[in-house]
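One structure is given below, encoded as structure tokens.
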Amino acid sequence: MSFFQFTPAFANPQGSPIRELFPYLSRPGMVSLAGGYPSPSLFDQEGLAAAAAQAMTTGATALQYGATEGSPALREQLAAQCQARGIRCSAADMLVTTGSQQGFDLLLRVLIQPGDAVCVETPAYPATIAALRQAGAQILSTPVDGDGLDVEALAAMLAALPVAERPKLLYTVPNFSNPCGTLLVQARRERLVQLALEYGFVVVEDDPYGELAFTDARPAPVYAAAQQQVGEGENPVVYLSSLSKTVAPGLRVGWMVADPAVLRRCTVAKQTNDLCTSPLAQAVAASYLQSGRYPQAVAKACAEYQRRMLALTQGLKARLGDLVQFVQPAGGMFVWMTFDARIDPQKLFDAAVAANVLFVPGKAFYADNAQLHSMRLSFAAPDVAQIEQAVDRLTEAFHKAS
Ligand code: PMP
């Protein structure tokens, strides 16, 4: 027996199913469609270097502890971003977090007790599933289709559940989701808010990918739809976003917009978590956003990601035809692919690794490992030439496994 008496959530911990693929990445010549990493070639290194130099001229501010809520300059910039997305807000409504990942963790700490039911769109971002397991939540699933979260399936589930088993929280990525790449249509955003108000659950709207849109057809956030419905009343939606996918994940800068009562409690929870998000990183982020280079950098990233997405989806359609099904994403970094049930998923994964191409097997995105005949492909990090190589190699793997 171990000397250490771990908590139930950490007695037999499972590591991240995506991080467990890391050893394969070191194989010579491997092309990875696995990670959710933004393309390093799209980091605006020049702009960020200038922002870092500027941050160091702010006296000792960037080197000192800062307010838990975040720096006033950055909160101003983030409020302007949210307003441009359609949210009515000011700097006072922003809580800067250490990545949006921390935002979700804080929310679970202030809202969820072991045994509470939480609904997640399924398939879902694996770190969300892991965070819910660590919180001891009862995980309920709602399916997604080509238009995002299936709100009518959610409505049917809610109507059938006894009051005591209703979810306290629902987690969704409405814009270019991880892993499906889908966009939640406007009517469903409005219906989701109605259901949250009717059944009394909080909607966590996780939006790290919304800026990476390939067209102008992106609806306003669910948070904004809720503002329309509740006016000055309590907003049941908590909005999380991040600079990780649009500027650089190494900054570890994300943010939360929520009702003041929620924001206040998350701020107190953050006080015992990391005191404040790195003031140096916040100063770099604020200075970068003030520099005016952000819109151009994001436009460039969108154009490049769209090229890469088309190389992947058109290549796979041409080579694999009806063997695979997917919805072509209108933004973000991911394509979700399902394949014929006669293909053995483990055989396919082994054949892909042998051919030097990596993807994340679909089971990583299910709390119960349910859907095996699926995979997530990321087109963000490899360039078009590498994606063409990946298509050849995936084709070979499918033929070997069929
Ligand atoms: N939510 C989703 C849906 C993500 O895909 C990611 C990053 N993979 C995160 C949150 C975490 O992002 P951050 O770097 O802001 O913590």
Check your understanding: Among the strands (runs of 3 or more DSSP E) confined wholly to segment 91-164, which include 2 or more residues that are buried (at least 23 other Cβ atoms within 10 Å of the Cβ) and either within 16 Å of the chain's Cα centre (by Cα) or within 13 Å of the ligand (Cβ to nearest atom) (or both)?
Key -> 94-97, 117-122
Review point. Of the residues Phe201, Phe176, which is in the same structural domain as Gln83 (by TED's automatic domain parsing), touching a strand residue (DSSP E or B) at 6+ places or on another chain (Cβ under 7 Å) and more than 16 Å from the ligand (Cβ to nearest atom)?
Key: Phe201
Check your understanding: When only residues in segment 258-281 that are assigned to a helix (DSSP H, G or I) and farther than 29 Å from Ala225 by Cβ count, which is nearest to the chain's Cα centre (by Cα)?
Key -> Ala281
Practice item. For Ala217, indicate whether it is touching a residue at least 60 places away in the same chain (Cβ under 8 Å), not in a loop (DSSP other than H, G, I, E, B) and not assigned by TED's automatic domain parsing to the domain that holds Tyr305. Key: no
Review point. Out of the residues in segment 11-39 that are in a helix (DSSP H, G or I) and surrounded by 10 or more Cβ atoms within 10 Å (Cβ to Cβ), which is nearest to the chain's Cα centre (by Cα)?
Key: Arg19
Review point. Which of the following residues is over 14 Å from Leu107 (Cβ atoms), more than 10 Å from the ligand (Cβ to nearest atom), in contact with a strand residue (DSSP E or B) (Cβ under 8 Å, 6 or more places away or on another chain) and in the same structural domain as Glu76 (by TED's automatic domain parsing): Thr277, Thr272, Thr267?
Key: Thr277
Study note, to complete from the structure: Of the residues in segment 323-360, those that are free of Cβ contacts under 8 Å to residues at least 24 places away in the same chain and of a type in the set (Gly, Ala, Ser) come to none
Point to revise | Residues of segment 202-250 satisfying the condition of being more than 20 Å from Gly99 (Cα to Cα) and polar (S, T, N, Q) | key: Thr215, Gln227, Gln228, Gln229, Asn235
Exercise for review: Determine whether segment 283-294 contains at least one residue that is within 13 Å of the ligand (Cβ to nearest atom) and at pLDDT 95 or above.
Suggested key: yes
Revision key, fill the gap. Within segment 57-74, residues more than 16 Å from the ligand (Cβ to nearest atom) and touching a residue at least 24 places away in the same chain (Cβ under 8 Å) come out as Thr58, Thr61, Ala62, Leu63, Gln64, Tyr65, Gly66, Ala67, Thr68, Glu69, Ser71, Ala73
Exercise for review: Residues being of a type in the set (S, T, N, Q) and within 18 Å of Lys245 (Cα to Cα): count how many of those fall in segment 21-69.
Suggested key: 4
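Quick one: in segment 276-295, of everything that is aliphatic (A, V, I, L, M) and in contact with a Lys or Arg (Cβ under 9 Å, 6 or more places away or on another chain), which residue is nearest to Tyr65 (Cα to Cα)? Walk me through it before giving the result.
Taking segment 276-295 and keeping what is aliphatic (A, V, I, L, M), we get 280-281, 283-286, 289.
Right, trim to in contact with a Lys or Arg (Cβ under 9 Å, 6 or more places away or on another chain) and you get 281, 286.
Numbers: Ala281: 12, Ala286: 16 Å.
Per the stated criteria, the residue is Ala281.
The values are calculated or read from the model by the stated rules, or taken from the named source; none is laboratory data. This is a predicted model, so every value here is computed, not measured. Positions of Cβ are generated from backbone atoms using ideal geometry, with glycine treated the same way; all protein chains shown enter the neighbour counts.
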